[in-house]
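The values are calculated or read from the model by the stated rules, or taken from the named source; none is laboratory data. Because the structure is a prediction, the values reported are computed rather than measured. Cβ placement follows ideal geometry from the backbone for every residue including glycine, while neighbour counts extend to all protein chains displayed.
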Amino acid sequence: MKFLIFVGVSSFLLELGLCANWPSCTESGANVHCTLPICPNCKIVDCIPELEPKDCPRGTFFEENLVLGSCCPACVEYLKKGDKCFYSPTTTNVSLYENTVPLQCHPNKERVVELSIIRYKNKDIPLVKRNQCPDQHECLDGICQIEDAAAAVEGCLKATLEYDSWLNGLNGEECSELKWEPSCTFYGAYDNVQSKTNVFQPVNSKFCSAPDGTRIFGQATIEAEADEINCRCSRKRWELEKEILSIGARDDVTLHCERNGDFEPLQCDLERCWCINPVTGVALSRALPEKMAMALPCYDKELFGDQYLRRCETRSLGKAKSRKKLRDHGFYWLESMGVTCDWDGSFGKVYCDKSSGQCKCVDKNNQQIGNYFTTMLNKDDLNCQCARDELEGLTQLNCGSGSSAGNYLELQSLLTTEYCVDESGFRFTPYYLKTSGKFCQIPNCPSRVKQCQGDEGNVCDECLSSCSGI
């Protein structure tokens with residue numbers, strides 16, 4: 001006979017009266033005992049409803065054997081910077097704290113901050129909040145804080161400290177610059193998904209990020225997609241194409257990512273194909289030779305066509321194979337102009353044509369966008385992020401002209417208001433209101449500082465400013 005343990009019925013075994021004494025859970029050590037059910041045989045327990053890794057909300061982790069007598073899985077959430085914690089460097093015995101609760105029948109007698117049931121995607125999810133601060137943090141005065149602020153000299157922790165310092169220095173609506181709050185992993189690297197938001201700009205599109213904070217392929221384009229984005233595919237591509245320790249970088253990766261950075265259901269690489277769970281990245285089938293991809297259950301001819309490789313990567317992969325053959329024979333092909341593909345197999349944002357001497361902003365089919373182009377001499381300054389966002393209806397900002405046409409123009413204006421944005425369109429200065437025919441002085445905007453340099457009030461003037469709007 002099997003017990004059907006339903007998530008949410010945490011008192012199931014207690015109601016049977018099967019209880020045993022458990023070690024004291026009071027800090028004082030008084031003779032007060034917590035009770036715990038006699039641990040069931042997990043082989044005869046079914047967890048209803050079933051929980052899978054894809055069911056866990058973003059920022060949580062799937063873990064087996066945690067709840068309901070340590071027989072059923074749960075989603076695990078760790079403490080974040082600023083959260084209350086219930087232990088200190090001098091007291092490591094977490095079980096002494098009344099603010100924590102036991103994980104019933106857990107082999108380590110672990111105690112956690114909270115056990116709860118949350119509703120996510122129309123499903124009841126058991127959530128365990130562990131009593132553990134992130135890496136490079138410690139529990140000081142009951143709060144998770146960075147261990148050594150002076151040691152956090154780079155990466156996401158440094159950006160977090162800078163954001164906190166900026167936030168603490170705000171005086172109402174007054175500020176000279178705007179920073180955005182990064183999302184860090186438990187170990188202090190940048191999370192897969194970032195969004196440039198702050199107290200004045202609480203909503204912004206989400207995009208994929210490398211561990212060092214560099215923006216990589218993938219962004220959310222609609223609200224529904226923003227909730228789902230996980231960027232696991234983009235992170236995997238980044239790993240494979242980057243030289244890490246003794247593992248060389250690859251230039252022949254053919255994994256396909258959705259435009260939001262998640263996995264497509266059919267994947268091929270190194271002439272092998274398989275089906276994959278787009279959410280978790282877990283393989284759902286055996287790997288078959290690429291020529292047999294049509295036999296896979298996830299293959300859809302209408303979606304994938306007669307071949308896996310797309311037009312841009314067919315070109316780039318052919319060149320990559322040629323370079324490898326030459327390298328194997330001691331030759332190196334110094335290509336003056338290569339083709340750049342996005343990680344969904346389509347053409348990248350910038351395409352340079354040696355015959356015309358121009359670099360232009362293009363769509364996914366390599367068709368020029370508007371009148372955005374420049375000479376090859378300025379190709380390193382062209383990113384075309386604004387041109388692509390404009391094409392997809394994601395921005396109404398000025399995409400510039402001249403040598404940087406297609407990039408977000410740093411200086412933006414709307415009627416009598418001026419402000420500055422970065423390469424992704426994030427506003428990093430307050431709004432400035434022009435009250436005369438002169439430009440506004442914007443201290444932290446390099447483009448405006450250059451315009452006003454040496455000016456004695458003839459061109460630039462001080463203007464009224466506001467962080468949130470005028």
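Which residues, counting only those in the range 407-419, are in contact with a helix residue (DSSP H, G or I) (Cβ under 7 Å, 6 or more places away or on another chain) and under 19 Å from Gly437 (Cα atoms)? I'd like the intermediate steps shown before the answer.
Of the residues in the range 407-419, the ones in contact with a helix residue (DSSP H, G or I) (Cβ under 7 Å, 6 or more places away or on another chain) are 407-408, 410-411.
Answer for the range 407-419, where residues must be in contact with a helix residue (DSSP H, G or I) (Cβ under 7 Å, 6 or more places away or on another chain) and under 19 Å from Gly437 (Cα atoms): just Leu411.
Tally up the residues in the range 405-447 that are under 27 Å from Gly370 (Cβ atoms), not β-branched (Val, Ile, Thr) and not in a strand (DSSP E or B), please.
Residues in the range 405-447 being under 27 Å from Gly370 (Cβ atoms), not β-branched (Val, Ile, Thr) and not in a strand (DSSP E or B): 14 in total.
So which of Asp389, Asp422 ends up being surrounded by fewer than 17 Cβ atoms within 10 Å (Cβ to Cβ) and under 24 Å from the mean Cα position of the chain (by Cα)? Reasoning before the result, please.
Working: Asp389 fails: surrounded by fewer than 17 Cβ atoms within 10 Å (Cβ to Cβ).
Only one candidate passes the filter, namely Asp422.
Specify the residue that is nearest to the chain's Cα centre (by Cα); the eligible residues are those in the range 103-142 that are assigned to a strand (DSSP E or B) and over 24 Å from Pro57 (Cβ atoms).
Narrowing the range 103-142 to residues assigned to a strand (DSSP E or B): 111-112, 114-120, 123-129, 137-140.
Among the residues that remain, those that are also over 24 Å from Pro57 (Cβ atoms) are: 138-140.
On the way: Glu138: 24, Cys139: 26, Leu140: 28 Å.
Across the range 103-142, the extreme among qualifying residues is Glu138.
Within the bounds of the range 306-313, is there any residue that is crowded, with 19+ Cβ neighbours inside 10 Å, assigned to a loop (DSSP other than H, G, I, E, B) and not assigned by TED's automatic domain parsing to the domain that holds Ala210? If you could, list the steps in order and put the result at the bottom.
Initially, the range 306-313 is screened for residues crowded, with 19+ Cβ neighbours inside 10 Å, giving 308, 310, 312-313.
Those still in the list that are assigned to a loop (DSSP other than H, G, I, E, B) too: 308, 310.
Within this subset, residues satisfying the condition of being not assigned by TED's automatic domain parsing to the domain that holds Ala210 are none.
Looking for residues that are crowded, with 19+ Cβ neighbours inside 10 Å, assigned to a loop (DSSP other than H, G, I, E, B) and not assigned by TED's automatic domain parsing to the domain that holds Ala210, one finds none in the range 306-313, hence no.
Being of a type in the set (Asp, Glu) and in contact with a Leu (Cβ under 9 Å, 6 or more places away or on another chain) is the filter here, so list the residues in the range 344-384 that pass it. Steps first, answer last, please.
Of the residues in the range 344-384, the ones of a type in the set (Asp, Glu) are 344, 353, 363, 380-381.
Across the range 344-384, the qualifying residue is only Asp363.
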